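Working notes for the structure below.
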Amino acid sequence: SPRGEIEELVAQVWRDLLKLDNIGAHDNFFELGGHSLLATQIISRLRDATCKELPLSALFETPTVAGLTAALERASENAANEPPPILPAPRGHPLPLSMNQEHLWRLERTIPGTHFFNVPCVYRLTGDLDVCALEQALRHIMARHELLRTVFVELDGRPVQLTKEFPAFALPVLDLRSGSADEISQKTADLILRERQAPFDLSVGPLIRPKLLRLTANEHLLLLTLHHIICDQWSLRLFRSELAALYNAWSQGRQCSLPRVAIQFGDYAYWERRSIDSDFMRVQLEYWTKRLTEPAPQLESGLRRQSDRRGGFAASHHPVELSNAQWRRLKWVAARETCTPFMILVAALSVVLFRLFGKTDVRIATLVANRRRRETELTFGNFVNTLILQISHSKQMSFTELLKHVRAVTLAAYAHQELPFEQLAQRLEQEQGIERSALFHALFMYQNMTPQRTEAAGIAFAPLTAHQLGIGRNLSLTHLDLVLDLAEEPTRLAGTLTYNSACFEKTAVAELANDLTRTLDLIAVAPEQNVARAFLNERAQPSG
């Protein structure tokens with residue numbers, strides 16, 4: 001068992017975040033279910049507790065409590081160029097938008113009335129529901145998080161965010177109990193689709209739309225539609241957690257005391273704008289501009305149609321799925337190689353793009369939660385940032401060597417994740433004429449924190465995933481040419497390959513998806529084999 005003050009601190013942080021009662025000094029973080037987001041939170045907690053700065057790579061190099069303790073004891077105090085903490089901003093004037101928010105705001109203005117940026121959520125509520133307690137819980141959450149009461153307007157030629165008071169919130173309840181089961185099912189599907197497609201007016205608000213559908217006396221659906229400018233996946237998990245806690249207390253006549261929200265999103269946006277010229281951000285900008293001095297090599301293959309992106313955007317989808325057995329095997333390989341399942345998926349996607357297009361360097365964009373600072377953990381808002389991973393291939397590489405390379409590239413990117421992608425994209429376009437669409441070949445999104453069923457005062461809160469509802473998780477990304485969107489579900493890994501059908505052939509995209517699952521199978525079975533030879537050997541096998 002862990003011994004010593006520092007080691008006990010490290011063990012306690014692990015127990016809190018991994019939600020485990022007992023962790024040994026030599027238990028492997030990745031075998032315990034650890035991943036990059038949890039690793040980032042562990043490093044953040046230890047920074048706050050010890051004032052010592054550890055790189056994220058420390059946890060990957062020595063993924064045990066004992067190893068991390070030794071690294072912490074060797075570490076120096078916080079680097080001098082760390083930006084100051086995020087503090088409440090002065091409120092005597094309108095607050096700016098974050099750079100990511102401003103990008104979304106400008107995109108929306110180019111396509112007025114769009115629903116591309118709507119984020120739909122559906123919760124199945126089973127049990128004897130207290131609608132008044134649910135309404136009270138929703139009202140409290142909207143009062144607690146400023147962004148749920150914020151509108152976005154133009155002032156002196158610049159967008160700003162204003163928090164306003166809306167009329168007292170009343171939860172709309174639609175009774176769908178009349179009719180046959182099929183009719184109720186059809187009415188429900190129609191309502192979900194209508195909600196998903198109804199646009200928001202950013203200047204009027206509110207940018208959250210709750211509705212309750214009553215299907216039977218003991219079954220309801222809570223529909224929540226939000227605008228992406230105010231939320232990310234982390235925010236939705238936070239919303240669900242707070243809603244369950246508040247409902248649990250108030251439906252039983254008890255008070256509920258939630259942890260204090262340290263900062264509101266407007267405080268973060270103000271901090272981001274003021275820190276953009278800091279030494280810390282300059283170092284991050286230099287890191288990225290050195291690596292992205294040229295556009296991504298153009299992908300030329302049968303996958304791409306002769307027409308280019310000027311043909312417009314028509315998003316099409318192809319399903320991607322791994323069985324539970326395949327996924328468990330890949331997670332075992334990831335733990336053995338001290339990397340994360342995300343890194344294995346990036347490696348596999350890079351192999352597929354490398355084989356298809358014959359380019360040594362493949363660039364894959366990905367999204368990170370960007371909540372490295374503990375003060376952001378209870379804040380509702382869209383903190384997500386885009387990172388670009390440049391994966392370099394050689395025909396001599398084994399899968400294991402490729403995984404080590406992907407891990408190094410990913411960890412270096414994570415260490416420089418706080419520079420807003422919008423700042424980088426603007427700088428590269430202004431100084432080198434590189435458009436944002438030319439910076440990467442594909443976008444990869446991975447959700448490894450599957451919404452879990454929650455019990456509260458006899459009510460089961462069961463979030464329905466986007467894939468269960470048959471909708472894309474991020475409609476706002478359908479304007480990109482190639483997006484792989486995967487989510488870990490209880491019994492499988494599932495998702496979609498979304499592509500611009502004005503650019504890509506349907507049959508070629510289906511082949512790309514098949515290549516991806518074959519590559520993952522090869523990594524799972526024999527990660528030590530040569531990447532190029534593995535495919536030759538596979539082709540040589542007799543079929544059937």
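Would you mind stating whether Ser257 is surrounded by fewer than 19 Cβ atoms within 10 Å (Cβ to Cβ) and over 24 Å from Val151 (Cα atoms)? Here the answer is yes, as Ser257 does meet what is asked. Selection over the stretch 152-171 of residues that are modelled with pLDDT of 90 or more and in contact with a Leu (Cβ under 7 Å, 6 or more places away or on another chain) gives a count of 6. Restricting attention to the stretch 147-168 and to residues that are more than 26 Å from Thr376 (Cα to Cα) and of a type in the set (A, V, I, L, M, F, W, C), the residue that is surrounded by the fewest Cβ atoms within 10 Å (Cβ to Cβ) turns out to be Ala168. Being of a type in the set (Val, Ile, Thr) and in contact with a Ser or Thr (Cβ under 6 Å, 6 or more places away or on another chain) is the filter; apply it to the stretch 1-32 and report the residue that is modelled with the highest pLDDT. Once the filter is applied, the top-ranked residue is Val10.
Strands (runs of 3 or more DSSP E) fully within the stretch 361-450 that include at least 1 residues being out of contact with any His (no Cβ under 7 Å at 6 or more places or on another chain) and aromatic (Phe, Trp, Tyr): 442-447. Looking across the stretch 241-300, the residues that are closer than 17 Å to Ala415 by Cβ and of a type outside the set (Ser, Thr, Tyr) come down to Asp279, Phe280, Met281, Arg282, Val283, Gln284, Leu285, Glu286, Trp288, Lys290, Arg291, Leu292. Looking only at residues in the stretch 47-69 that are of a type in the set (S, T, N, Q) and touching a residue at least 12 places away in the same chain (Cβ under 8 Å), the one that is surrounded by the most Cβ atoms within 10 Å (Cβ to Cβ) is Thr69.
Residue by residue, here is whether (1) at pLDDT 90 or above; (2) aromatic (Phe, Trp, Tyr); (3) closer than 30 Å to Ile229 by Cα holds:
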site	(1), (2), (3)
Gly34	no, no, yes
Gln41	no, no, yes
Glu53	no, no, no
Ala58	no, no, no
Ala80	no, no, no
Pro90	yes, no, yes
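Please pick out the residue among Arg109, Arg177, Arg144 that is at pLDDT 95 or above, basic (Lys, Arg) and surrounded by fewer than 18 Cβ atoms within 10 Å (Cβ to Cβ).
Only one candidate qualifies: Arg144.
Of all residues in the stretch 245-286, those that are aromatic (Phe, Trp, Tyr) and modelled with pLDDT of 95 or more total 4. Kindly indicate whether Glu286 is among the charged types (D, E, K, R), under 26 Å from Pro83 (Cβ atoms) and either touching a strand residue (DSSP E or B) at 6+ places or on another chain (Cβ under 6 Å) or exposed (fewer than 15 other Cβ atoms within 10 Å of the Cβ) (or both). Spelling it out, Glu286 is indeed among the charged types (D, E, K, R), under 26 Å from Pro83 (Cβ atoms) and either touching a strand residue (DSSP E or B) at 6+ places or on another chain (Cβ under 6 Å) or exposed (fewer than 15 other Cβ atoms within 10 Å of the Cβ) (or both). Scanning the stretch 97-141 for residues that are in a helix (DSSP H, G or I) and over 21 Å from Gln252 (Cα atoms) yields a total of 12.
Scanning the stretch 78-96 for residues that are over 29 Å from Leu213 (Cβ atoms), of a type outside the set (Phe, Trp, Tyr) and part of a helix (DSSP H, G or I) turns up nothing.
The values are calculated or read from the model by the stated rules, or taken from the named source; none is laboratory data. In this text the structure is predicted, and so the values were computed from the model without any measurement. Ideal geometry is used to build each Cβ from the backbone, glycine not excepted, and the neighbour counts take in all protein chains shown.
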